[in-house]
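The values are calculated or read from the model by the stated rules, or taken from the named source; none is laboratory data. Owing to the predicted nature of the structure, the values given are computational and were not obtained by experimental measurement. Cβ atoms come from the backbone with ideal geometry, glycine included; neighbour counts cover every protein chain shown. SASA here: full protein model, heavy atoms, side chains in, ligands and nucleic acids out. Shrake-Rupley method; radii C 1.70, N 1.55, O 1.52, S 1.80 Å.
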Amino acid sequence: MTILLPGAAGYIGSHTAIALVQAGYDVAIVDDFSNASPEAVRRCEELTGKKMPLYEADVADKAAMEKIFDEVKPAAVIHFAGFKAVGESVAKPLKYYRNNLDTTLTLLECMAEAGCKAFIFSSSATVYGARAAVPYTEESETGGCTNPYGWTKFMIEQIAAGAAKADPDMSVVLLRYFNPVGAHPSGRIGENPSGIPNNLMPYITQVAVGRLPQLSVFGDDYPTPDGTGVRDYIHVMDLAEGHVKALEYALGHKGTEVFNLGTGHGVSVLELVHAFERASGVKIPYRIAPRRAGDLAEVYADPSKAERVLGWKATRTVEEMCADSWRWQSNNPNGY
Ligand code: WQD
């Protein structure tokens, strides 16, 4: 059974491709390499010992995608393709709406034409906006997003759920990721942001490896135990295994289901910095900087629905997240 993975040359998709192959599925990957490298897929093949057919195409390109669906005949699609830089989405909103919505619409149209009924989407905790109280459950209020990136996730959730409502044979699973960090324990694949990282963990690892001079901690006056922002960091291999469970669920059900993929455990910026220092043995120079616009004090999941319904639970510790991020970054100081 082949699963089509648009965008899986990227961070989360590449780790998920490995977990799927290890669970016995065949995968095929489509990517335009606008923010990813074919080397990631080559290394996934090396790690699994299995071929992963790789198509270079824009996922919004209907004619190209129809051909790929024809060839691959996927049993399900796990959609990772999308732009994801929050700050850039504020500066270039139309680029984000055009790309993230068009790729999704093309995929759903191709699925309808090909009779492919299972769709799993990389959504984000960002859809909860600033309205709900932590911990977020799947029933917490969504919307009120603070940037176009977040709105694309929100809108795609509506689009996919609408498609499933119109086709009673369709299954849609929306996965709301919290803060993915870590890397495959081999250190061969990992997160490879282009330019200066926006997210905390890649920033820390690039300071550790000497590519950046110091970390700015955005605010130490939040109403949290040490004053710095609290997030639910989840190991990317736990996240990858969550996709395998979500796929099994999607193949056996109809309709739309939403799951939080997080640990349920909040970690502050300074706690993560210190855990990283212990795991790597490298000191991270930092300064306290002003709060970053749009940031919330605390974001963490209630992940109990995924445990109850999917039988999935994150098991890896913050120490493993730091050790694996460091192994990847120190073995690949300049990425792929
Ligand atoms: C985490 C914490 C920062 C960088 C965003 C998106 C989300 C998802 C993941 C991605 C916060 C602090 C960060 C730095 C810092 N999207 N921080 N110094 O903001 O929770 O989530 O990325 O594809 O949708 O909103 O993650 O890693 O940017 O920040 O102090 O240099 O680290 O203030 O408290 P965030 P993050």
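I want to make sure I understand the PRE zone here: with the label point 7 angstrom from the Cα of Glu298 toward its beta carbon, which residues in segment 108-134 have backbone N atoms less than 12 Å away?
Once the point is set 7 Å along Cα→Cβ of Glu298, 133-134 turn out to lie under 12 Å by backbone N, inside segment 108-134.
How big is the dipole moment of the chain about its Cα centre under a simple scheme where the beta carbon of each Lys and Arg is +1, that of each Asp and Glu is -1, and everything else is neutral? Debye, nearest 20, please.
Once rounded to the nearest 20, the dipole reads 440 debye.
With r as the distance between the Cβ atoms of Ala63 and Asp26 and R0 = 41 Å, compute the FRET efficiency 1/(1 + (r/R0)^6) and round to 0.05.
Computed FRET efficiency for Asp26 and Ala63 comes out at 0.95.
Using a 1.4 Å probe, how large is the accessible area of Trp151, given in Å² and rounded to the nearest 10?
Using a 1.4 Å probe on the heavy atoms, I get roughly 80 Å².
Convex hull volume of the Cα atoms in segment 135-294, per residue, in Å³?
About 146 Å³ per residue, rounded to a whole number.
Measure off 7 Å from each Cα along the Cα-to-Cβ vector at Asn198 and Glu45, then give the distance between these two points in nanometres to one decimal.
My value for the distance between the label points is 3.1 nm.
Just by accessible area at a 1.4 angstrom probe, what is the order of Arg43, Arg316 from largest to smallest?
Arg316, Arg43
Please report, in whole Å³, the volume per residue of the convex hull around the C-alpha atoms of the chain.
So the per-residue hull volume is 119 Å³.
Assigning unit charges at the beta carbon (Lys, Arg +1; Asp, Glu -1) and nothing else, what dipole magnitude in debye, to the nearest 20, does segment 37-141 show about its Cα centre?
Here the size comes out at about 180 debye.
Just the accessible area per residue of the chain, please: how many Å² with a 1.4 Å probe?
41 Å²
Need the list of lysines near Lys165 for cross-linking: C-alpha distance under 17 angstrom, and skip anything on the same chain fewer than eight residues off.
Lys117, Lys254
Quick one: how many lysine pairs in segment 13-100 have C-alpha atoms under 19 angstrom apart, if they're 8 or more apart or on different chains?
For segment 13-100, qualifying lysine pairs total 6.
Carbon and sulfur atoms: what percent of the 1.4 Å accessible area of the chain do they account for?
51 percent
Could you pull the accessible area for Asp31 with a 1.4 Å probe, rounded to 10 Å²?
Estimated to the nearest 10 Å², Asp31 gives 10 Å².
Spin-label point model (7 Å from Cα, Cβ direction): what's the Gln214 to Ala289 distance in nm?
1.2 nm
Just need the Rg to Rh number for segment 84-145, please, alpha carbons only, Kirkwood Rh.
Result for segment 84-145 is an Rg/Rh of 1.06.
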